[in-house]
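The values are calculated or read from the model by the stated rules, or taken from the named source; none is laboratory data. Keep in mind that this is a model prediction, so the values were computed, not measured. Here the Cβ positions follow ideal geometry from the backbone for every residue, glycine too, while neighbour counts run over all protein chains shown. Ligands, DNA and RNA are stripped out before the accessible areas are found, and what is left, the full protein with its side chains, is counted by its heavy atoms. Shrake-Rupley method; radii C 1.70, N 1.55, O 1.52, S 1.80 Å.
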Amino acid sequence: MIGRLNHVGIATPSIEDSVRVYRDMLGATAIGEPFDLPEQGVRVCFVDVPNTQIELIEPLGETSTLHGFFEKNPRGGQHHLCFEVPDILVARDEMIAKGARILGSGAPRIGAHGTPILFLHPREMGALLIELMETPKEAH
Ligand SMILES: CC[C@H](C(=O)O)C(=O)SCCNC(=O)CCNC(=O)[C@H](O)C(C)(C)COP(=O)(O)OP(=O)(O)OC[C@H]1O[C@@H](n2cnc3c(N)ncnc32)[C@H](O)[C@@H]1OP(=O)(O)O
Ligand SMILES: [Co+2]
């Protein structure tokens, strides 16, 4: 069911500092402009690499779910993996049937790429926070 690895989510206290690592240390050249996703409680910056993206995410607002992550990981770090799926609702129902826990209300929300996303609780996913993202229509 899962498709390509769309992005690796990296939580950071400072997108600006993390951009310096990817640009100056690792030589990344395709770095997007940071943008806010208030409804998701994050500020986001995408770093393009040949076969996927690095999604740098900073907490945005008091209720950001990232605050819980930073309590345990003050310097940030690997946060989630995002896989593409053809149909988010079909994927959701399949995952529920297999015993995964859908985070939040269970209804897909619009993510950083403007397409529906869901998160699966780490407990059933090998201690990894998994994001499922519906493949953008133009990519079909
Ligand atoms: C949506 C925009 C963008 C996009 O790509 O489109 C993004 O990806 S934004 C990403 C930020 N948004 C989210 O992460 C939403 C989903 N996340 C959550 O609902 C919470 O972060 C949750 C439930 C995963 C964890 O919340 P919290 O830390 O408050 O709960 P606990 O401390 O009780 O953690 C429970 C359990 O999970 C482990 N945990 C927490 N975060 C992670 C993580 N990132 N990776 C792996 N494991 C994680 C935590 O250690 C606890 O484990 P336990 O064994 O029970 O101690
Ligand atoms: Co993500």
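Here are some notes:
- Per the listing PRO86, PRO13, the residue uniquely in contact (Cβ under 8 Å) with a residue 60 or more places away in the chain and more than 21 Å from MET133 (Cβ to Cβ) is PRO13.
- Taken over the stretch 55-67, the criterion of being buried (at least 19 other Cβ atoms within 10 Å of the Cβ) and either under 14 Å from HIS80 (Cα atoms) or basic (Lys, Arg) (or both) is satisfied by GLU55, LEU56, ILE57, GLU58, LEU66.
- Residues located in the stretch 103-130, provided they are out of contact with any Asp or Glu (no Cβ under 9 Å at 6 or more places or on another chain) and either more than 10 Å from ligand 1 (Cβ to nearest atom) or of a type in the set (D, E, K, R) (or both): SER105, GLY106, ALA107, ARG123, GLU124
- Some residue of the stretch 41-52 being assigned to a helix (DSSP H, G or I), open to solvent by 40 Å² or more (accessible area, probe 1.4 Å) and of a type in the set (Val, Ile, Thr): no
- When the stretch 69-85 is filtered for residues that are loosely packed, with under 12 Cβ neighbours inside 10 Å and either part of a helix (DSSP H, G or I) or within 17 Å of the chain's Cα centre (by Cα) (or both), the ones remaining, listed by number, are GLU71, LYS72.
- Among the residues of this structure, THR52 counts as one that is among the β-branched types (Val, Ile, Thr) and within 13 Å of ligand 2 (Cβ to nearest atom).
- Residue within the stretch 99-113 that is open to solvent by 20 Å² or more (accessible area, probe 1.4 Å) and more than 16 Å from GLN40 (Cβ to Cβ) present: yes
- Assessment of the stretch 101-121 against the conditions (in contact (Cβ under 8 Å) with a residue 24 or more places away in the chain, in contact with a Cys (Cβ under 6 Å, 6 or more places away or on another chain) and outside any loop (DSSP other than H, G, I, E, B)) yields no matching residue.
- Any hit, the stretch 18-32, residues being surrounded by fewer than 20 Cβ atoms within 10 Å (Cβ to Cβ), of a type outside the set (Phe, Trp, Tyr), within 14 Å of ligand 1 (Cβ to nearest atom) and at pLDDT 95 or above: yes
- Per the conditions (1) in a loop (DSSP other than H, G, I, E, B); (2) more than 15 Å from HIS79 (Cα to Cα); (3) touching a strand residue (DSSP E or B) at 6+ places or on another chain (Cβ under 9 Å), the sole criterion not satisfied by GLY27 is (3).
- If you go through the stretch 7-35 and pick out every residue that is under 23 Å from GLY68 (Cβ atoms) and within 15 Å of ligand 2 (Cβ to nearest atom), you end up with 10.
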